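Everything below concerns the one structure shown next.
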Amino acid sequence: RYRGLTLVLTFLCYTSYHLSRKPISIVKSQLHPNCSAFGPNPRNDSNSSTWCSWAPFDGDNYKELFGALDNAFLVAYAIGMFISGIFGERLPLRYYLSGGMVLSGLFTLLFGLGYFWDIHVLWFFIVMQVCNGLVQTTGWPSVVTCVGNWFGKGKRGLIMGIWNSHTSVGNILGSLIAGVWVSSAWGLSFIVPGIIIAAVGIICFFFLVEYPEDVGCSPPLHHAASDEDPGGVTCSEKDPEGITSSEGPLSISGQSSRDHLNSPKEPGEEPEAISFLGALRIPGVVEFSLCLLFAKLVSYTFLYWLPLYIVNVAHFGAKEAGDLSTLFDVGGILGGIFAGLISDYAGGRATTCCVMLVVAAPMLFLYNHIGQNGIGTSIAMLVVCGALVNGPYALITTAVSADLGTHESLKGNAKALSTVTAIIDGTGSIGAALGPLLAGLISPTGWNNVFYMLIAADVLACLLLTRVVVKEIRGWCGPMARQRGY
């Protein structure tokens, strides 16, 4: 029950994080719409074709300004993430996570109030984005650490693949909520998500359980002797709920668990949190971090620019484009689950990522050239591209991060999970910042060039995993050769 509660609460937490990030991509098309669709200009003192746009986004450089808004959030997020993991290892995760969510709700709400306060200066929106980017870094290291504390390695890929659908669910809900008010009062597209994330943060403060030991349970096995071990937890008789694990071998026998819980911890027994450089030395951290940089570049370019691309190319309205863009996130849910399931079965996280990235490149090319030929084709291509783009991204930020944060080289030191997660996601966030920025700079030259940039990023992400893939293949070939008598 505690594990189920942890999954549900952390799922809701990060759903609300992404729910509060999505509105900006929906509102962009309303800040600089096609004013001719609104009829004649009611302003007698102006003949501008952008009379219905929201200053300062009413100029010809509006795409560059949108890119600046995206970059303000993403650069602050990338910088803050490297610091956030260090704090996450040293502060109570429940306070850290819930405090960050309340602050994120505040800055999201303030951005929306710019509509009602009639603010037309760029710096206000930039500052809100920077502040929001910094406080949102409290989220990912905290939720991954909480889930990693409760679940061992055995079925981690599948469990976290399903759990990681919070990213896409948050994007879908954010799009739908923002779409309700985007054409009437776009400020509410930010205010409502801001209230939601703050409310979920308060719920998290009262109910989240950080460690199994906090409720009389022993931690799961992170390095099982058998591949069939599901990494379950077991609870002692002191637990008022009397909870026991019904799956797999126990991480500690009942008697040893009670002895462990009854014996007081000496101050010297508590391991020190790992250093930044120490986390970088864990095998695979650098490769997966750099791979995520390019994978997240592609994912976040779609996150921030897909609705505007659909408006410009398929000529849908703002609400219709926002609703259609949610199909990319539906594909992301399926891709994350599929990637986790396959990587658990095959025992190869890097190989799974590499195969999906290789297939994603031609699919992106096809979507750009035939994706708008009909509504059926567009729906199918968006789902397929979403699965292939977000599958590797989801796998690296969840199961891979948890695997590396509990790597055998750490010798049981659990004070590394938050730092490793932050390094991997922080490096990926550099790509998340570069993608929308490059899209804003390249899109005036044509959308074809944007897609060529995305395809190149996918190929680079695949190449960066080559060494880890070769190591995994050698690991598979060794047992096969021994079985054949070589």
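Looking at the range 172-190 only, could you name the residues that are within 25 Å of residue 207 (Cβ to Cβ) and open to solvent by less than 10 Å² (accessible area, probe 1.4 Å)?
174
Quick check: is even one residue across the range 339-348 open to solvent by 30 Å² or more (accessible area, probe 1.4 Å) and touching a Ser or Thr at 6+ places or on another chain (Cβ under 8 Å)?
Yes, the range 339-348 has at least one match.
Looking only at residues that are open to solvent by less than 60 Å² (accessible area, probe 1.4 Å) and among the charged types (D, E, K, R) in the range 66-93, which one is farthest from residue 13 (Cα to Cα)?
70
Listed here are the residues, each with its yes/no results for (1) under 22 Å from the mean Cα position of the chain (by Cα); (2) within 18 Å of residue 327 (Cβ to Cβ); (3) at pLDDT 90 or above.
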{"position": "169", "(1), (2), (3)": "yes, yes, no"}
{"position": "173", "(1), (2), (3)": "yes, yes, yes"}
{"position": "195", "(1), (2), (3)": "yes, no, yes"}
{"position": "201", "(1), (2), (3)": "yes, no, yes"}
{"position": "205", "(1), (2), (3)": "yes, no, yes"}
{"position": "219", "(1), (2), (3)": "no, no, no"}
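Quick check on my filter: what residues within the range 15-59 are in a helix (DSSP H, G or I) and either in contact with a strand residue (DSSP E or B) (Cβ under 6 Å, 6 or more places away or on another chain) or at pLDDT below 70 (or both)?
Within the range 15-59, 36, 37, 38 meet the criteria.
Quick one: what pairs do we get from the range 102-119, first residue over 12 Å from residue 190 (Cβ atoms), second open to solvent by 60 Å² or more (accessible area, probe 1.4 Å), C-beta under 8 Å, 6+ apart or different chains?
If the second residue must be open to solvent by 60 Å² or more (accessible area, probe 1.4 Å), the pairs left are 102/202.
All but one of (1) modelled with pLDDT under 85; (2) over 30 Å from residue 200 (Cβ atoms) hold for residue 65; state the number of the condition that does not hold.
Of (1) modelled with pLDDT under 85; (2) over 30 Å from residue 200 (Cβ atoms), only one is false for residue 65: (1).
Does residue 119 count as of a type in the set (A, V, I, L, M) and in a helix (DSSP H, G or I)?
No; evaluated as a whole, the condition is false for this residue.
For the range 107-124, check the following and say yes or no: at least one residue is under 20 Å from the mean Cα position of the chain (by Cα), open to solvent by 20 Å² or more (accessible area, probe 1.4 Å), at pLDDT 95 or above and of a type outside the set (D, E, K, R).
Yes - at least one qualifying residue is present in the range 107-124.
The values are calculated or read from the model by the stated rules, or taken from the named source; none is laboratory data. These numbers come from a predicted model, not from an experiment. Ideal geometry is used to build each Cβ from the backbone, glycine not excepted, and the neighbour counts take in all protein chains shown. Calculation scope for accessible area: heavy atoms of the full protein, side chains included, ligands and nucleic acids excluded. Shrake-Rupley method; radii C 1.70, N 1.55, O 1.52, S 1.80 Å.
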